[in-house]
Amino acid sequence: MIPVSGSNGADEKANWKTPALIAGGAVVLLGGAYAISQSGGGGGGDDNGGSGSGGSGDTTSADGTYIGIVTTCASDGAATSCESHSFSLLIDVHNSVYSDSLSQGHTMAGTLNNNRFTLTATINEGGLTGTRTYTGSRVGNSVVGQISGSASSATGTVSYTGSFSADKN
């Protein structure tokens with residue numbers, strides 16, 4: 001029998017207890033489900049298609065577009081010049097890494113493996129021949145990296161250094 005307003009005091013107390021117990025139980029269940037979903041879990045390996053035991057704890061997906069700034073310096077031993085510009089980098093769902101703006105005028109591709117990648121630009125311009133290497137790491141929703149390399153010409157060698165960083169868009 002459903003208690004009706006105006007019935008005895010025992011029934012009125014039961015009216016508020018039942019919904020309160022149900023709501024409290026729902027909060028406990030939802031809180032437990034959220035805690036389990038945020039725990040990193042086990043058995044899944046890393047976010048880059050790898051396998052292995054234990055979860056990585058990093059629940060962010062690598063795939064996406066990263067936008068940032070790259071600073072490249074060139075030194076011929078006597079003088080050093082640096083330039084900075086914005087760039088974008090794409091990591092697809094298969095962990096392929098692409099950029100056509102990290103090294104202006106070069107389209108580069110590589111593979112994200114254990115949250116690391118290497119992209120190489122072949123230099124063949126202005127009498128210079130060589131390579132510039134971009135070694136990066138994905139950390140959460142960001143990418144950071146270093147630039148190294150060299151190119152030579154009939155008049156000498158140019159060394160490249162620098163850095164880049166970007167955030168997932």
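Quick notes on this structure:
- Sole residue being touching a strand residue (DSSP E or B) at 6+ places or on another chain (Cβ under 8 Å), assigned to a loop (DSSP other than H, G, I, E, B) and under 19 Å from Ala62 (Cβ atoms), chosen from Leu102, Leu90, Leu119: Leu102
- Every residue from segment 128-148 that is at pLDDT 95 or above, surrounded by fewer than 21 Cβ atoms within 10 Å (Cβ to Cβ) and part of a strand (DSSP E or B): Thr129, Gly130, Thr131, Thr133, Thr135, Ser137, Val139, Ser142, Val144, Gln146, Ser148
- Pair list, Cβ under 7 Å, 6 or more apart: segment 103-129 residue within 25 Å of Val139 (Cβ to Cβ), other residue among the acidic types (Asp, Glu) and outside any strand (DSSP E or B): Thr107/Asp100; Asn114/Asp46
The values are calculated or read from the model by the stated rules, or taken from the named source; none is laboratory data. The structure presented is a predicted model; accordingly, all values stated were derived computationally and were not measured. Counting neighbours? That spans all protein chains shown, and the Cβs are built from the backbone with ideal geometry, glycine included.
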